[in-house]
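Below: the structure, in C-alpha cells.
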Amino acid sequence: MESPSHPTCRTGFSNPLAAGALTLAVAVVGQWSPAQTPYLVAALPAAPANSPIDLDHAARLGDRLLFAYGGDLWCTDGTAAGTRLVSGATTGLRPVSLRALGAHVWFHAYDGNGALVLWRSDGTPAGTVPLRDAGGDYTVQCLLGAAGERTLFVAHDAAHGDELWTTIPGTDRVEIVRDIRPGPDGAIDPQSLVSTTFGELQLVMAFDGNEPGLWRSDGTPGGTVRVLQVTGGGYGPARLVPVGDRVWFPNGWPQPWFTDGATASSASVPGPNALTFASDFRPFDGRLAFWAYGVQQALWITRTGTDGFSPTLDRRTFAVGLAEHSVSLGGLLFFIALDRDQGAYELWRTDGSAAGTVRLIDSTPSARFAVDDLVVVGDLAYVSAGTLADTPGAPADHRLWVSDGTPAGTHALAAVPAHPQGARILGKRPAGARAVTFRHTVEPDDGLWISDGTEAGTVRVTTDGRSHRVHAGRLLFSVDGASLWALDLGALTEPVGEGNAFGHTAPSLHGSDPVLGAPLRLVLRDVPPLALRSVLLGLPCAPRPFGSGTFAQVELPAPIELTCRDAIAIPVPDVPALVGARVALQAAAWPTATAPFHVDVTNGLHLQLGR
C-alpha cells in the first residue's frame with residue numbers, strides 16, 4: 001500500500017528474508033468458506049441454566065481464552081485438550097468483568113469469605129488468586145487499567161467509600177491509593193465512571209467534597225493529583241479521549257478541552273464562534289473528531305499541528321453517533337447522521353476534509369429509514385439499515401449493508417433475509433480484518449451469522465450461538481449454553497494485548513488478513529512524528545514483561561526486524577503449505593525528542609495464514 005501520507009517501508013519487504021519468516025511455524029487448520037462445517041470442541045459438565053458459557057465477555061491471554069461458566073473460571077485454546085477448568089478446587093467464584101492486562105487476566109469474583117474482590121489469573125489453577133487488603137475487607141467496583149507495573153481499580157470499604165485503589169507489585173495485596181474525599185462517602189461514582197489510560201497514567205473524574213475534578217494517578221499517593229477543578233458552568237468531562245500527547249474531553253463548555261496530564265494544564269481551546277456545545281468525541285487517525293451542536297451543527301475535526309478545527313458536514317445534519325470502532329484500515333471515518341432535509345438516518349464517511357465527506361446510503365424522504373449498529377472491519381463498514389416496520393404504506397426491509405467507502409460499493413446483502421416484522425441485525429463484531437459476526441432476530445433465520453461482505457461469504461453458522469468470540473483462527477460459540485463449538489476461519493488477523501507509552505497515547509498496530517498471494521497491509525497509528533519505528537516478526541506467545549508495564553506478544557527465536565514508516569505492505573507467498581501457519585507481529589517506536597531512552601510498544605497481532 002502506498003499513499004502520500006503513508007509511504008511504504010524504507011527497507012522494502014520483497015526480500016526473501018521477509019517472505020521466509022512466514023514459514024516459521026505451520027499448524028494446519030481448515031479454511032473458512034461457506035462449505036466449512038462447525039464442529040464440537042468440548043461438551044462441558046452440566047451447570048445451572050443461569051450461568052451458561054460466556055464468550056461475549058471472555059479475555060484473551062496468549063493462545064488461551066478465559067471465560068466464565070457455571071460460576072467458575074475456564075479457559076480454552078480452541079481444542080478439546082486445551083479446554084479446562086482454571087479455578088480448580090475454588091468453586092462458586094462467579095467471575096465477571098474479565099480483562100487482560102499485561103501477563104494476567106483480571107476479574108471480579110468472590111473469595112472464600114463471601115467478599116467480592118479483585119482476582120488475577122495466568123491461566124493456571126496455581127496462578128489464579130484473589131488479591132487481599134492487609135488493612136481489612138474491601139469490595140471491588142470496577143477495573144480502570146494499568147499504570148506501569150500497577151493495576152488501578154475502584155473499590156469500596158467502610159472507612160473510605162468508593163476510592164482509587166492499586167495492586168502492590170510483586171505481591172498478592174492491594175491498598176487504597178489516596179483518600180481523595182476524606183471520610184466514608186467516597187470520591188468516585190462507579191455507576192457514572194469517567195476514566196482513561198494515558199501513557200503510564202490513569203485519568204479519572206473524582207469529587208473531593210468541594211468540586212468535581214479530573215485527577216491523574218500513577219498508583220502512588222504522591223503521584224495522584226488533581227489536573228482540573230471543575231467550577232462555575234462546567235459539568236465535568238463526560239468522556240476522556242486520548243489522541244497523541246493530549247487527552248480531549250467535553251467540559252460543559254462550547255469548545256473541547258484538553259490536558260497533557262500535567263497539573264493545571266487544561267485550557268479551553270479556541271474554536272469557531274458559532275460552536276455552542278461539543279460532544280461524542282472520537283480519535284481519528286491522530287486527530288479528534290466530534291459533533292458540535294447549536295447554530296452550526298456539524299462534524300468537526302482538529303487540524304493537524306494546530307488547536308483549530310474544520311467542519312466537514314454542514315448544519316443540515318446532526319449526529320446520531322460516532323461508533324467506537326469507526327476508522328477503516330485505509331484511514332476513512334464512517335459515521336451515521338440524520339439528514340434534516342430527508343428526515344432519515346444515513347451512512348456517511350469522511351477523510352477529514354469537506355470535499356472528502358460523502359453520503360453512502362441516501363434514504364428517501366417518504367419512508368422512515370434507519371441506519372444503526374455501525375462497525376468497521378478492515379476497509380469495510382457494516383451497518384443495519386432499512387425501512388422501519390411501522391412506516392405507513394412501506395414494507396419493512398431491514399438488512400445488513402456493507403460499504404467500501406464509495407456509494408457504488410455500498411449495498412444491502414441479499415443473503416441476509418428481511419422480514420415483514422422488521423428484523424434487526426444486532427451485535428456486529430469484527431472477525432479478523434475482513435468479516436463480521438452478527439445475530440439475526442427473527443425465525444427461521446435467527447441465530448449466529450458471519451459475513452465477509454460478499455453474498456457467497458455471508459452464511460448462518462448456527463441457530464443458537466448464544467455467545468461467541470473469535471480466537472486463535474476460529475469462531476468459537478456456545479450451543480445450549482454448555483457446549484463449545486468452533487468454525488475455522490482461514491486467513492485471520494487478531495489484535496492481542498495493549499500498547500504502552502510514556503507521556504502520550506500508546507501506539508497501535510492494525511493489519512489486514514494474511515491471504516496467500518496478497519500483500520499483508522500494516523498500519524501504525526498514534527506514533528510520534530519523529531519516532532523511529534520497527535516491526536518485529538516472530539511466533540505468537542503469551543505476553544512476557546520486558547519493562548515497566550510493557551509486554552512482548554512475539555516470541556523471538558529468530559526475529560526479523562523491519563524498520564518502516566506508518567503504513568507498509570509485506571508480500572505473503574502463495575505457497576499451499578503455509579495454509580494455517582501462525583506468526584506474530586508487534587511494533588516498537590523510539591520517540592527520540594521526548595524520551596530518548598524509552599521505547600513505546602504497540603499491541604500485538606497474531607496472524608493465521610490462509611485463503
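No lab work stands behind these numbers, since they all come straight from the coordinates. Quick caveat, the model's predicted, so the values are computed rather than measured. Every residue, glycine among them, receives a Cβ derived from its backbone with ideal geometry; neighbour counts consider all protein chains shown.
Numbers for the structure displayed
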quantity: Relative contact order (%) - the stretch 102-183, alpha-carbon pairs under 8 angstrom, separation at least six; calculated: 20 percent
quantity: Label-to-label distance, nm, for residues given as residue 46 and residue 179 (7 Å Cα→Cβ offset); calculated: 5.2 nm
quantity: Peptides 533-545, 475-487 ordered by average Cβ neighbours within 10 Å, highest first; calculated: 475-487, 533-545
quantity: By average C-beta atoms within 10 angstrom, highest first, the peptides 241-249, 90-98; calculated: 241-249, 90-98
quantity: Amide H contacts under 5 Å for residue 447, placed H, 5+ residues apart; calculated: 440
quantity: Sites residue 454 and residue 126 - FRET efficiency at Förster radius 51 Å, r taken between beta-carbons, to 0.05; calculated: 0.65
quantity: Linear extension gain, residue 408 paired with residue 57, 0.36 nm per residue minus alpha-carbon span; calculated: 122.7 nm
quantity: Whole-number percent relative contact order across the stretch 98-236, with pairs defined as alpha carbons under 8 Å at least 6 apart; calculated: 15 percent
quantity: Tail fraction, Cα-Cα pairs, the stretch 436-530, threshold 21 Å, whole percent; calculated: 50 percent
quantity: Packing rank of 516-523, 491-498, where each peptide gets the mean count of other beta carbons within 10 Å, highest leading; calculated: 491-498, 516-523
quantity: Cα point-scatterer Debye curve for the stretch 466-582, base-10 log of I(q)/I(0) at q = 0.09, 0.23 Å⁻¹; calculated: -0.32, -1.46
quantity: Separation in nanometres of the label points that stand 7 Å from Cα toward Cβ, at residue 158 and residue 99; calculated: 2.9 nm
quantity: Net lengthening on full extension, residue 79/residue 192 (0.36 nm per residue, minus Cα-Cα); calculated: 36.7 nm
